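The values are calculated or read from the model by the stated rules, or taken from the named source; none is laboratory data. Just so it is clear, the structure is predicted and the values come from calculations on it, not from any experiment. Every residue, glycine among them, receives a Cβ derived from its backbone with ideal geometry; neighbour counts consider all protein chains shown. In case anyone asks, the SASA skips ligands and DNA or RNA and just uses the protein heavy atoms, side chains included. Shrake-Rupley method; radii C 1.70, N 1.55, O 1.52, S 1.80 Å.
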Amino acid sequence: MITEVKDPSIETHNLTVVYNKKPAIWNIDFTLPKGQIIGIMGPNGSGKSTLLKSIMGIVDPNIGYVRIFDETLDEVRDRVSYVPQRQSVDWDFPASVYDVVAMGRYARKGMFKRLNKADHEVILECLDKVNLLPYQNRQISQLSGGQQQRVFLARALTQEADVYLMDEPLVGVDASTEQSIITLLKQMKSEGKTILVVHHDLHTASDYFDWLVLLNTRLVASGPFSEVFAEDILKDTYGGQLTTLSKIASLLKEKSFPMRHK
Amino acid sequence: MTWWQEFISFFSFAEPNVEIVFWGSLLLSAVSGLVGSFTFLRKQSLIGDVIAHSVLPGICLAFLIGKEKDPAYLLIGATIAGWLSTVAVDFISSRSKIKSDTAIALVLSVFFGLGVLILTNIQHSGMANQSGLDQFIFGRASAMNPADVQVFAVVDILITLVVLLFFRAFKLLSFDPQFAQSIGFPLDLLRVILSVITVATVAMGVQAVGVVLMSALLITPAAAARFWTDRIRVMMILAVVISAASGVIGAAISYTSSGMPTGPWIVIVLSAMALLSSLVGKNKGLLQARLLRWSNDRKIAIENTLKSFFYLTDGFEDDPGPISSKTLREKSRMHRADLRRGIFFSRLKGFLKKENGGWVLSEEGEKISKETVRKHRLWELYISKFMHLKPDHVHDDAEGIEHIITPEIEAELEELLEFPETDPHDKAIPKV
Ligand SMILES: Nc1ncnc2c1ncn2[C@@H]1O[C@H](COP(=O)(O)OP(=O)(O)OP(=O)(O)O)[C@@H](O)[C@H]1O
Ligand SMILES: [Mg+2]
């Protein structure tokens, strides 16, 4: 069940990424609405992270392409912000909370321009939005998982983008942090921002998302939440189909079957 | 002259050659601390090793072509070979199923083997001026000449400028490359630039420390500096200072014991500094962690000892008089050593007095005793209520937590629990 929208925020065409001959995402073809909170769900290894990375140009798709606001990524890069999975960095790095959040401003300043007073104010404001202002001088390794997650969120906020791609921002945070993050996302949505969130918990999904993308290497569904969140579709994503699909994927790898390369 | 006099005389630049060795070692090792900080932060010590071993064939070929030990030639030869080795590693690990550490080992041994082969040939050919080439294996700073130092100075300045210019980009590349790419930093270009300055640094450094130990000169200064600070800039400056000092001291030691290669000495000094940093550095210092543990253990021993009095006197309702060490040992459920320590320190701090061959608590001691039980029972109540644990599962947890609850947390707990009177086992929560 795939619902198309007019004037999409993000659209992908035949997006395919292959690692070591094994497809991580395969022929993803969708259009996503603007100004909504969009959940991306699927079992482990279903390609959620890969999807975000290929939208962000961090991995090059083997086939297919992405358009954001009907432009290429390079044309609208300063309107898109990416929040990586928390575990993707080493939190022992010698940096304070403030240092990491300030990195978000590099998106506007580039590699060489100095940060000025206005940047400093944006940084403090964003720290405040995630309740980390009192922690701004703390070394990042001395934060809890939930606090580290909020550091990444604050960094993204300083980019002042229109589309946010967040990889599992709710993993490893306690219930009250989860609530405050969701409140923040809803507030961002009310300002017209589009937010993609990779999420794992089926139970809370209905409270959070307006739109749902179900992924299992292939695109299983993409549409308004209430239409997609039906038992048979979920079963397609998480249940029986999974084994067949992953069998095919392994077979491809085993037989060195050529996927179409670009 | 004694060894020590000779060591000191090195720094007085009595002989002209000494001045060259001094500046040469300083320039080499300082820049290594600077550039190596990024190698350290990116956890690429293995790559440092490959580059270091792989410059050898470059140096030898440059010598064969130039027929003499021209520092600029050698540096260029070394840089090209080092660079090729990193390209080879990337190529192998991205184009085949071979994992990157295997690729690294492969490239390292092929390049180094090739280097040793050419080196042996040169030495057997009886070519003039070949002397000093073997210094590249373990390094000999004393073989440096004024032309070397000039080249080093120029390269140092260039590399420092590049690091200053690209500092932000290199920092982000080291911390979160995916994010760097997402905001449009040219990651591939940055990696190439960082690779080039790393290779150039190694190509210079092998003259003093040799290929075998060069990667230590890259990584160790930053690793040592990291113990002292959480700020990347401070860390890098410290790394430069530590590295430069080790370079000079190592060169001086090897100078005084003539014939000794420099590399091992520099690395020994460097390792000593790293060890010292790990012991006394303010950050994650082992010694500091040890001290903290000691003081925690002491607090726990004291509080547990005092707490036993609470149980033995039924919450200070009874007055059984002085309690003997024997009774304490039998009833307190503490390890003997902990109890002995607890008694010792409690007495030292005046919480405990000896009376008629037994122990009694001072007023202060009684307060701490009650306070500890109070925190214990508050915590038990808290976790059984909010984490829905059965009352018989909460005791062990509280045994640990009771010692770290601060007055603020205690007040918070009380409020959350609406000023309770009893714990989950229906025992009274003592007031202080
Ligand atoms: N760099 C890589 N090299 C090789 N295979 C990879 C790489 N990254 C991901 N994969 C593979 O691609 C598939 C999809 O991975 P991806 O990380 O996108 O899944 P995911 O849905 O985000 O999983 P999770 O829920 O565990 O985060 C997995 O089978 C994974 O093993
Ligand atoms: Mg993922």
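For the reader, a short list of remarks on this structure follows.
- Summing charges over neighbours of B:Pro424, with a neighbour being any other residue whose Cβ is under 10 Å away from its Cβ, gives 0 when K and R count +1 and D and E count -1.
- Volume per residue that the Cα convex hull of the range B:1-136 spans, once the total is divided by residue count, Å³: 150 Å³
- Filtered GluC sites (Glu not before Pro), the range B:335-418: DSSP coil and at most 16 other beta carbons within 10 Å: B:Glu418
- Charge tally in the Cβ shell below 10 Å around A:Val83, where Lys, Arg are +1 and Asp, Glu are -1, A:Val83 excluded: 0
- Along principal axes, Cα extents of the range B:298-361, largest first, whole Å: 28, 21, 18
- Considering all C-alpha pairs of the range B:57-169, those separated by over 23 Å amount to 43%.
- Nearest-0.05 FRET efficiency for B:Val154 and B:Ile268, computed from C-beta distance (R0 35 Å): 0.75
- Highest-fluctuation residue, B:Leu61, B:Leu74, B:Leu117 considered, GNM on chain B with Cα pairs under 10 Å: B:Leu117
- Counted over all Cα-Cα pairs of the range A:26-110, pairs farther apart than 17 Å make up 60 percent.
- Rh (Kirkwood; distinct C-alpha pairs) - the range A:174-215, Å: 11.2 Å
- Entries of A:Lys48/A:Lys186; B:Lys331/B:Lys431; B:Lys307/B:Lys431; B:Lys307/B:Lys385 with Cα pairs more than 20 Å apart: A:Lys48/A:Lys186; B:Lys331/B:Lys431; B:Lys307/B:Lys385
- Within the assembled protein chains, the solvent-accessible surface assigned to B:Met387 is about 110 Å², based on a 1.4 Å probe.
- Contact order for the range B:3-284, expressed relative to its length and based on alpha carbon pairs under 8 Å spaced 6+ residues apart, stands at 32 percent.
- Over the range B:227-319, relative contact order from alpha-carbon pairs under 8 Å, at least 6 apart, %: 24 percent
- The protein assembly as shown - Kirkwood radius from inverse mean 1/r over Cα pairs (Å): 30.2 Å
- Cα centre as origin, Lys/Arg/Asp/Glu Cβ charges: chain B dipole, Debye: 720 debye
- A Förster radius of 56 Å, combined with the Cβ-Cβ distance separating A:Lys189 from B:Val196, puts the computed FRET efficiency at roughly 0.80.
- Helix A:175-190 and the long axis of chain A differ in direction by around 90°, with both axes built from C-alpha atoms.
- Label separation (B:Val234 vs A:Glu227): 5.7 nm, computed from points 7 Å beyond Cα along the C-beta direction.
- Residues A:Gln87 and B:Ser295, FRET efficiency given R0 of 35 Å [Cβ-Cβ distance, rounded to 0.05]: 0.60
- In the distance distribution for chain B, Cα-Cα pairs more than 44 Å apart total 41 percent.
- Panel note: the C-alpha atoms of the range B:387-432, placed on their principal axes, show extents of 26, 21, 20 Å (largest first).
- Candidates A:Tyr238, A:Tyr19, A:Tyr98, ranked by Gaussian network fluctuation over chain A, Cα under 10 Å, top entry: A:Tyr19
- Cross-link pairs A:Lys109/A:Lys129; A:Lys22/A:Lys53; A:Lys53/B:Lys282; A:Lys189/B:Lys43 - those with Cα-Cα distance over 27 Å: A:Lys53/B:Lys282; A:Lys189/B:Lys43
- Sequence of B:Lys375, B:Lys299, B:Lys282 when ordered by accessible area, the most exposed leading, probe 1.4 angstrom: B:Lys282, B:Lys299, B:Lys375
- Using C-alpha pairs below 8 Å separated by at least 6 residues, the relative contact order for chain A is 29 percent.
- Whole-Å semi-axes of the ellipsoid equivalent to the range A:102-163 (Cα gyration tensor, √5λ, descending): 20, 12, 11
- Largest first, the extents of the alpha carbon coordinates of chain A on the three principal axes equal 55, 38, 38 Å.
- Positive minus negative residues near A:Gly172 (Lys, Arg vs Asp, Glu; Cβ under 13 Å): -3
- Antiparallel DSSP beta bridges within the protein assembly as shown, percent to nearest 5: 60 percent
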